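Trainee: Pasting a structure here, questions to come.
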């Protein structure tokens with residue numbers, strides 16, 4: 001019976017066609033754990049995504065992917081299913097069999113913990129891609145999310161490069177610049193500007209080209225967002241970073257094809 005219910009939930013998440021307000025998903029690193037942060041204007045009843053990683057650097061197990069709700073939380077019985085499809089790729093599905101929301105509208109919360117192991121005493125940085133993200137709202141209506149995002153961590157100390165807290169938010173610019181077709185937009189975030197951060201690209205006419213990030217960020221250094229400009233023409237573009245307490249700054253970028 002549980003399998004039938006699971007198939008029904010997954011089907012509604014995968015094939016719901018009506019999109020609602022945006023939701024965002026991000027990762028934070030604490031020691032050898034990744035904490036998934038969900039932020040949405042709509043209540044979320046289920047989420048599904050794939051995790052891609054370098055199996056030569058870190059390893060995941062199905063038993064080490066769990067929800068982060070305490071035993072006293074009404075969501076403590078939340079169902080989370082994970083499957084290592086192949087080395088370097090895991091699929092995660094989370095929902096409640098009773099139909100309860102895993103996140104209420106307007107909340108920002110850590111919902112999933114992904115513990116990893118270092119392979120063969122690997123010492124260095126690693127990247128994780130969260131792909132094929134699907135979030136289901138009430139009645140299985142799909143909530144719009146980014147299709148994917150990247151996370152960069154450090155396995156040498158078990159801490160992300162984002163753990164150092166700068167005294168002030170500083171935009172480092174983008175590299176390379178000029179570029180073709182990808183560039184990295186880099187910045188660090190102080191405690192004063194923690195919260196919902198938006199990173200968007202505009203063309204020289206002020207038209208929004210792409211949203212690279214729209215969600216919660218903690219204070220830290222080493223934030224990097226990649227813009228792939230393969231679909232646009234050569235020219236001048238601007239990355240605008242907006243954060244709480246009135247912070248806004250702009251990065252001038254030149255695309256040459």
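Trainee: Residue 73 fails exactly one of the following numbered conditions: (1) more than 30 Å from residue 221 (Cβ to Cβ); (2) at pLDDT below 85; (3) surrounded by 14 or more Cβ atoms within 10 Å (Cβ to Cβ). What is the number of that condition?
Mentor: (3)
Trainee: Now a separate question. Got a number for residues in the range 223-257 being out of contact with any strand residue (DSSP E or B) (no Cβ under 7 Å at 6 or more places or on another chain) and either part of a strand (DSSP E or B) or at positive phi (or both)?
Mentor: Residues meeting the conditions: 3.
Trainee: Can you tell me which residue is surrounded by the fewest Cβ atoms within 10 Å (Cβ to Cβ) among those in the range 76-108 that are touching a helix residue (DSSP H, G or I) at 6+ places or on another chain (Cβ under 9 Å) and not in a loop (DSSP other than H, G, I, E, B)?
Mentor: 81
Trainee: Related question: Go through 245, 198 for me and flag whichever is under 16 Å from residue 170 (Cβ atoms) and surrounded by fewer than 18 Cβ atoms within 10 Å (Cβ to Cβ).
Mentor: Of 245, 198, the one residue that is under 16 Å from residue 170 (Cβ atoms) and surrounded by fewer than 18 Cβ atoms within 10 Å (Cβ to Cβ) is 245.
Trainee: Could you list, in sequence order, the residues of the range 164-178 that are within 21 Å of the chain's Cα centre (by Cα) and surrounded by fewer than 14 Cβ atoms within 10 Å (Cβ to Cβ)?
Mentor: 164
Trainee: Let me ask something else. Could you tell me whether residue 138 is surrounded by fewer than 15 Cβ atoms within 10 Å (Cβ to Cβ), more than 20 Å from the chain's Cα centre (by Cα) and modelled with pLDDT under 90?
Mentor: Taking the combined requirement at face value, the residue satisfies it.
Trainee: So, one more: Could you please let me know if residue 243 is in the same structural domain as residue 176 (by TED's automatic domain parsing) and closer than 20 Å to residue 106 by Cα?
Mentor: Considered against the rule, which asks whether it is in the same structural domain as residue 176 (by TED's automatic domain parsing) and closer than 20 Å to residue 106 by Cα, residue 243 comes out as yes.
Trainee: Check whether at least one residue in the range 88-95 is in the same structural domain as residue 126 (by TED's automatic domain parsing), touching a residue at least 24 places away in the same chain (Cβ under 8 Å) and over 19 Å from the mean Cα position of the chain (by Cα), and report yes or no.
Mentor: Scanning the range 88-95, I find no residue that is in the same structural domain as residue 126 (by TED's automatic domain parsing), touching a residue at least 24 places away in the same chain (Cβ under 8 Å) and over 19 Å from the mean Cα position of the chain (by Cα), so the answer is no.
Trainee: While we're on this one: Just wondering, is there one or more residues in the range 41-64 that are crowded, with 22+ Cβ neighbours inside 10 Å and modelled with pLDDT under 90?
Mentor: The answer is no; no qualifying residue exists.
Trainee: Test residue 128 against the stated conditions and say whether it is surrounded by 13 or more Cβ atoms within 10 Å (Cβ to Cβ), within 16 Å of the chain's Cα centre (by Cα) and at pLDDT 85 or above.
Mentor: Considered against the rule, which asks whether it is surrounded by 13 or more Cβ atoms within 10 Å (Cβ to Cβ), within 16 Å of the chain's Cα centre (by Cα) and at pLDDT 85 or above, residue 128 comes out as yes.
Trainee: Next question. Search the range 141-158 for residues being assigned to a loop (DSSP other than H, G, I, E, B) and touching a residue at least 60 places away in the same chain (Cβ under 8 Å), and hand back the single one that is surrounded by the most Cβ atoms within 10 Å (Cβ to Cβ).
Mentor: My answer is 145.
Trainee: Another one. Within the range 215-228, take every residue that is at pLDDT 85 or above and surrounded by fewer than 18 Cβ atoms within 10 Å (Cβ to Cβ) and give me the one that is nearest to residue 169 (Cα to Cα). So that I can check it myself, show each step before the final result.
Mentor: Kept after step one, since they are at pLDDT 85 or above, are these residues of the range 215-228: 223-228.
Narrowing the set further to residues that are surrounded by fewer than 18 Cβ atoms within 10 Å (Cβ to Cβ) leaves 224, 226, 228.
Numbers: 224: 14, 226: 19, 228: 24 Å.
Checking each candidate, the answer is 224.
The values are calculated or read from the model by the stated rules, or taken from the named source; none is laboratory data. None of these values were measured; they are calculated from a predicted model. Because the Cβ atoms are built from the backbone with ideal geometry, glycine has one as well, and the counts that use them run over all protein chains shown.
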